[in-house]
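To start, the structure itself, in structure tokens.
The values are calculated or read from the model by the stated rules, or taken from the named source; none is laboratory data. Being a predicted model, the structure only gives us computed values, none of them experimental. Positions of Cβ are backbone-derived with ideal geometry, glycine not excepted, and every protein chain shown enters the neighbour counts. When the accessible area is computed, the model is the full protein with side chains, heavy atoms only, and any ligands, DNA or RNA have been set aside. Shrake-Rupley method; radii C 1.70, N 1.55, O 1.52, S 1.80 Å.
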Amino acid sequence: MELAKSFEPAEIERRWYEHWESNGYFAAGLDRSKPFDRSFCILLPPPNVTGTLHMGHGFNQTIMDALTRYHRMRGWNTLWQPGTDHAGIATQIVVERQLDAQGISRHDLGREKFLEKVWEWKEYSGGTITRQMRRMGTSPDWSRERFTMDAGLNKIVTETFVRLYREGLIYRGKRLVNWDPKLHTAVSDLEVVQEEEDGSMWHILYPFSEGPIGDLAGLTVATTRPETMLGDVAVMVHPEDERYAQLIGKTVRLPLCDRDIPIIADDYVDRGFGTGVGRSPRPTTSTTTPSASATICRRSASSPSTRRSTSTPLPGIRVSTASTPARPSWPTSKPPGCSSTPNPTSCRCPAATAPAWSSI
């Protein structure tokens, strides 16, 4: 027998792995004579059946393999349960692209025929990730491999969700989701490609409740989020802004809502941003004098750049393409009287006697 000139691990490891697997060295322990506390079972977080291994898989599977082999060598009943996930959305996208190349849509095929195509793709590409696991040398009990869409698993998942729903342990609620208008389904954050887009600067006129004051018909608010105006409860100006000092304490009419809201003073308003007028979309304690503005917990507002808009503005609203300047960030220290570290969504500071919102 001639000794190879170089070590070829691929062939050697493949041959020995086939020997280990065929002889049942990875099979689950079934010795009922062993005490219950001498059993070890771990479930493989199922990777996508149509995917390939990445570094994260390699890391966690190495740990699971080491733990399983350790308990197996101690003589315990062990089971490392392998399986793969159906990756429904990712698989559907791949299959639809294949059909598009043939000039066919899933609607043309119908539900049953389309499902057949999906299963065909699963059978074609589904073995890649488990072959990679074998190539790594992992030692799960392959005789027990499962797929999340197997008849038995699919049935028990359905039964479990129905039972939990009837027991009131899970419920359907309204949530913000990533909606795919083509697939007509929600997708997870991991399946969304994030893209930055330029926004628009909207200038919205809030007319004075009692009619024009001098040459002013009202206060103009510059904002990148006009959709939040329906919840406004006040408009804010800086107490030292001479342009608006005489208007503090008066009221303006909220556009679209026909509701009067007060003009209040808050030294957090950035006089250099937009028109120097901010909005407060949550309950506040209005101030009638500049000195009444107190230290408060404030919410950050990182400013996106602006985007040109082709939509037709409502009366009193105009769009600007000027860049939005940066504004102060959320503070990390607690204001006097604040019971908790400032938090942009949950802070309820007892020291706050003025609105806690920047000129968004």
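Points worth noting:
- With every protein chain in place, region 1-99: carbon and sulfur % of accessible area (1.4 Å): 62
- Heavy-atom accessible area order for 192, 157, largest first, 1.4 Å probe: 157, 192
- Rounded percent of accessible protein surface that carbon and sulfur make up, region 179-246, 1.4 Å probe: 52
- When you restrict to C-alpha pairs under 8 Å that are six or more residues apart and normalise by the size of region 114-228, the relative contact order lands at 12 percent.
- Residue by residue, region 6-21 carries 3J(HN,Hα) couplings of 9, 6, 10, x, 4, 5, 5, 5, 4, 5, 6, 5, 4, 5, 5, 5 Hz when phi is fed to the Karplus relation 6.51 cos²θ - 1.76 cosθ + 1.60 (θ = phi - 60°); x denotes Gly or Pro.
- Taking only the C-alpha atoms of region 49-177, Rg followed by Dmax gives 18.8, 58 Å.
- Cut-off under 5 Å, modelled amide H: who pairs with residue 139 long-range: none
- Of interest is the spacing of the C-alpha centroids, which for region 216-286 and region 50-76 amounts to 59 Å.
- Each Lys and Arg adds +1 at its Cβ and each Asp and Glu adds -1 at its Cβ; summed about the Cα centre, region 1-157 shows a dipole of about 460 debye.
- Annotation for region 1-110: chymotrypsin sites (Phe, Trp or Tyr not before Pro) lying in DSSP loop with at most 15 further Cβ atoms inside 10 Å of their Cβ are 7, 25.
- Listed values for region 37-43 are Karplus-derived 3J(HN,Hα) couplings in whole Hz (6.51 cos²θ - 1.76 cosθ + 1.60, θ = phi - 60°), namely 7, 10, 10, 9, 9, 9, 9, and x replaces Gly and Pro.
- Near the amide H of residue 219, within less than 5 Å, lie the amide hydrogens of 206, 208, all on another chain or at least 5 residues away, with H placed in the peptide plane.
- Phi to ³J(HN,Hα) by Karplus 6.51 cos²θ - 1.76 cosθ + 1.60 over region 98-114, Hz, x for Gly, Pro: 5, 5, 4, 5, 9, x, 10, 10, 5, 5, 5, 6, x, 4, 5, 5, 5
- Computed lengthening from residue 60 to residue 20, 0.36 nm per intervening residue step minus Cα-Cα distance: 12.2 nm
- Put simply, the amide H of residue 170, placed in the peptide plane, has neighbours under 5 Å in 165, leaving out anything fewer than 5 places away on its chain.
- Shown here for region 11-111: trypsin sites (Lys or Arg not before Pro) in loop regions (DSSP other than H, G, I, E, B) with at most 13 other Cβ atoms within 10 Å, namely 32, 74.
- Eligible lysines near residue 117 by straight Cα distance, threshold 23 Å, same-chain separation 8 or greater: 155, 182
- Solvent-accessible ranking of 86, 57, 107, largest area first, probe 1.4 Å: 107, 86, 57
- Of the chymotrypsin sites (Phe, Trp or Tyr not before Pro) found in region 127-202, those in coil by DSSP whose Cβ has at most 11 other Cβ atoms within 10 Å are 171.
- With all protein chains in place and ligands, DNA and RNA left out, the 1.4 Å accessible area ranks 133, 73 as 73, 133, largest first.
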